[in-house]
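Okay, so here's the structure we're looking at.
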Amino acid sequence: MIPKLIQSIFEAGRYAASADNSQPWHFYWDGEQIRITYDDERVSGKTFTENNPATLLAIGSVIENMSQAAKSRGVDIQWTLFSEYKKPDGYAVGRFDIDVYHFDGQVDSKEPVALFERHTNRLGYKKEPLPDDIRSLLLAMNINSARMQLHEDKDNIKKIANLVHRCSEVRFQTREVHEWLGRSLKFTQEEVMNGDGLDVATIDLPPGGKLFLKFIKDWQRMSVLNKLGGYKILAKMDAEPIKNSSALISIIAGAAGNDVINAGRLMTQIWIELNVHGIAVQPFFVITDQLSRLEEGGVPESLLHNISAVKQESTSVFDLQANEQLCMLLRIGLPRSEAIRSRRLVSELILTDLDNGNLSK
Ligand SMILES: Cc1cc2nc3c(=O)[nH]c(=O)nc-3n(C[C@H](O)[C@H](O)[C@H](O)COP(=O)(O)O)c2cc1C
């Protein structure tokens with residue numbers, strides 16, 4: 001039996017953020033320590049690979065959530081990060097500074113509330129600038145090898161929107177990304193209840209948008225539409241909220257896997273803190289994705305020059321030092337309306353108790 005304290009820490013990990021809500025992780029409890037790995041069997045070929053920045057950011061989000069859940073009960077987790085992300089070691093092992101079987105503190109599975117309240121808001125934000133106290137709070141947030149920058153200057157925001165626009169144009173012409181997104185979209189209540197993927201109700205769509213998304217889910221249709229310039233319209237719509245925002249945050253880190261995991265921790269810290277203060281957040285991964293595809297050879301040949309140009313410009317726009325990369329862009333602002341919350345997979349699918357048999361079998 002997994003101790004209650006550990007169960008509540010897994011519960012916090014389960015609520016972490018991930019690209020398209022893919023939840024690429026699997027957790028193990030061996031009686032002494034927590035292990036976080038990539039769930040090859042469940043997600044391989046359906047979402048980002050285990051070394052992709054998207055996955056490493058999500059793992060950072062898990063680690064941050066788990067650490068905050070433990071800390072709120074006065075418990076410390078010491079994390080060892082591995083650079084090989086395969087089983088059995090995986091990304092990280094967490095050890096505790098107490099005997100968890102004899103923990104006599106209070107355990108409520110949804111404590112601390114703040115991390116369970118963190119969510120993505122893809123709706124419209126108000127144009128007002130950030131309140132001053134939020135600005136000072138943000139500027140104090142940095143972690144190990146990752147750092148954040150706040151962008152409020154109109155010209156700078158315009159340049160970033162332009163980079164998003166250009167990357168998004170390529171994204172809508174890239175079969176793999178399009179098919180991953182298409183597969184993750186959930187249109188019916190039954191699909192939503194599975195607990196993973198993107199509920200289309202969480203996306204800010206114009207009238208008829210849901211039907212349109214269903215139509216272009218199929219790559220053959222999307223590529224026909226692209227011949228008529230469909231990708232241009234979609235990319236313009238994608239970049240519009242960035243162009244209109246009063247503030248953006250860039251999360252910057254080194255290129256090593258563990259630096260990106262730390263960037264994921266920082267992203268999550270900032271995100272939780274902003275949501276607690278009533279500030280809405282929406283991540284934009286498209287620039288990082290295209291730049292990482294450029295490195296890995298995943299950009300269509302005919303579009304390579306577009307992304308090479310983005311790479312060059314992003315160094316000055318994000319003020320990147322040597323060996324630094326943009327890990328994530330966040331649109332932030334005062335929300336106009338409440339966003340619908342996304343669901344999660346049941347713990348039986350993502351947690352194995354090695355100490356007491358496999359919960360999922
Ligand atoms: C690595 C990563 C990339 C993401 N990229 C985007 C994105 O480009 N656009 C977007 O709207 N949301 C993006 N998200 C947000 C996820 O879709 C969201 O975290 C997930 O659906 C769970 O929902 P929640 O954040 O409301 O808990 C990203 C999240 C992560 C961790």
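The values are calculated or read from the model by the stated rules, or taken from the named source; none is laboratory data. Model, not experiment: these values are computed from the prediction. Positions of Cβ are generated from backbone atoms using ideal geometry, with glycine treated the same way; all protein chains shown enter the neighbour counts.
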Keeping to the stretch 213-251, report how many residues are under 30 Å from Ile134 (Cα atoms), surrounded by fewer than 16 Cβ atoms within 10 Å (Cβ to Cβ) and among the aliphatic types (A, V, I, L, M). 1
Please list, ordered by residue number, the helices (runs of 4 or more DSSP H) wholly in the stretch 229-312 having 1 or more residues that are within 19 Å of Ile63 (Cα to Cα) and of a type in the set (Gly, Ala, Ser). 257-276
Does Leu211 count as in the same structural domain as Gln173 (by TED's automatic domain parsing) and more than 15 Å from the ligand (Cβ to nearest atom)? yes
Taking the criterion of being closer than 29 Å to Leu326 by Cβ and either surrounded by 15 or more Cβ atoms within 10 Å (Cβ to Cβ) or not small (Gly, Ala, Ser) (or both), would at least one residue in the stretch 188-196 satisfy it? yes
Of all residues in the stretch 16-31, which are of a type in the set (Ser, Thr, Tyr) and away from the ligand (no atom under 11 Å from the Cβ)? Tyr28
Which of the following residues is of a type outside the set (Ser, Thr, Tyr), in contact with a Cys (Cβ under 8 Å, 6 or more places away or on another chain) and within 15 Å of the ligand (Cβ to nearest atom): Ile270, Ile242, Ile287, Ile261? Ile287
Of the conditions (1) surrounded by 17 or more Cβ atoms within 10 Å (Cβ to Cβ); (2) in contact (Cβ under 8 Å) with a residue 60 or more places away in the chain, Lys4 satisfies every one except a single condition; which number is it? (1)
Contact list please: Cβ distance under 7 Å, first residue in the stretch 257-276 and of a type in the set (D, E, K, R), second residue within 12 Å of the ligand (Cβ to nearest atom) and part of a helix (DSSP H, G or I), pairs at least six apart or on different chains. Arg265/Gly60; Arg265/Glu64
How many residues does the stretch 1-35 hold that are part of a helix (DSSP H, G or I), among the β-branched types (Val, Ile, Thr) and under 18 Å from Arg265 (Cα atoms)? 1
Restricting to the stretch 37-76, count the residues that are among the basic types (Lys, Arg) and either part of a loop (DSSP other than H, G, I, E, B) or closer than 17 Å to Ile261 by Cβ (or both). 2
Looking at (1) of a type outside the set (S, T, N, Q); (2) in a helix (DSSP H, G or I); (3) surrounded by fewer than 17 Cβ atoms within 10 Å (Cβ to Cβ), which one does Pro207 not meet, given that it meets all the others? (2)
Restrict the check to the stretch 35-47 and report whether at least one residue is more than 14 Å from the chain's Cα centre (by Cα), more than 15 Å from the ligand (Cβ to nearest atom) and over 30 Å from Arg175 (Cβ atoms). yes
Check whether at least one residue in the stretch 323-331 is away from the ligand (no atom under 16 Å from the Cβ), in the same structural domain as Gln149 (by TED's automatic domain parsing) and assigned to a loop (DSSP other than H, G, I, E, B), and report yes or no. yes
If only one of Gly90, Gly60 is crowded, with 17+ Cβ neighbours inside 10 Å and modelled with pLDDT under 95, which one is it? Gly90
Which of (1) polar (S, T, N, Q); (2) within 14 Å of the ligand (Cβ to nearest atom); (3) more than 18 Å from Asn258 (Cα to Cα) is the odd one out, the single condition Gln106 does not satisfy? (2)
Could you pull out the residue among Glu295, Glu301, Glu348 that is outside the structural domain of Leu185 (by TED's automatic domain parsing), without any contact (Cβ under 8 Å) to a residue 24 or more places away in the chain and away from the ligand (no atom under 16 Å from the Cβ)? Glu348
